[in-house]
Amino acid sequence: MITTQTEFRAALLDPASPPPKGVRNPGGEQATKRFDVYRNNVAVSLTDALETAFPVVHKLVGDEFFRAMAGVYLRAHPPKSPVMMFYGDEMPSFLAGFGPAQSVPYLPDVARLELAIRHSYHAADAAPVAPDALGQLPPDSLPHITFEFAPSVVLIPSRYPLHGIWHANTHGGEISKAAQPTLVTRPEFDPQTDPLTPEQASVFEALKSKEPLGKALQHGGVGFDIGPLLGLLLSRNAITSLKT
């Protein structure tokens, strides 16, 4: 009897399912024990991959909770590629709907941040503009310029103190009570994270959507100072092009 890949995968991910009938021991009998060992090894390997991908999520919920949660996740979202580099892309949306995790409402945002850091690390290289690029433009052209950003630049919106939560669980430190949308950049080889204010995040999102600077500033509200945000973006090599 021939077992299809679909049947094999379904049995592999369902611990209550018997081994596929076509999977046999050398003697011809059904390979029950061997298949159970293989099924367990696959689940353990995928769980380990998720622990590696989401170390702060793991730390926040603890080992027992995380491994139980991972067991549910990996059966709902099996790998789509043999490359484990990005396994776990559905984790934020999974956490948002996972009942036992609702007592930690910021958990999906933490997962988004950890995914963004991983994607930023593997993003394509891009040459940044010179640090004085803005200063070289005619002042009357500034309201009309649009920005291009490196592929490694990602903003994670959040109404929680996201950066503080992540930093306290990776480097230590205090956690503020203010909302902290978090910017991920890769100025050199490793991703960096920086907290933004909600106003800075709104302006950045407008700039990333190709709104000209003058229009984007309106998203920051009356009296918004663009200087700190632009200084941060330039220092992190986030801007790759300025167009008028």
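Laboratory data are not the source of any read-out in this text; all were calculated from the coordinates shown. Computed from a predicted structure; not experimentally measured. Positions of Cβ are backbone-derived with ideal geometry, glycine not excepted, and every protein chain shown enters the neighbour counts.
A straight Cα-to-Cα reach below 17 Å connects residue 208 with the aspartates and glutamates 148, 194, 199, residues fewer than 8 places away in its own chain not being considered.
Pairs spanning more than 31 Å between alpha-carbon atoms, out of 80/215; 59/177; 59/80: 80/215.
In this simple spin-label approximation, residue 148 and residue 64 carry label points 7 Å from Cα along the Cα→Cβ vector, and these lie 5.4 nm apart. Simple spin-label estimate for residue 51 and residue 188 gives 3.2 nm between the two label positions (7 Å along the Cα-to-Cβ direction from each Cα). Spin-label pair residue 133-residue 44: with each label point 7 Å from Cα along the Cα-Cβ axis, the two points sit 5.0 nm from one another. For segment 128-159 versus segment 180-221, the spacing of their alpha-carbon centroids is 9 Å.
The fewest-to-most ranking of 129, 57, 154 by surrounding Cβ atoms within 10 Å reads 129, 154, 57.
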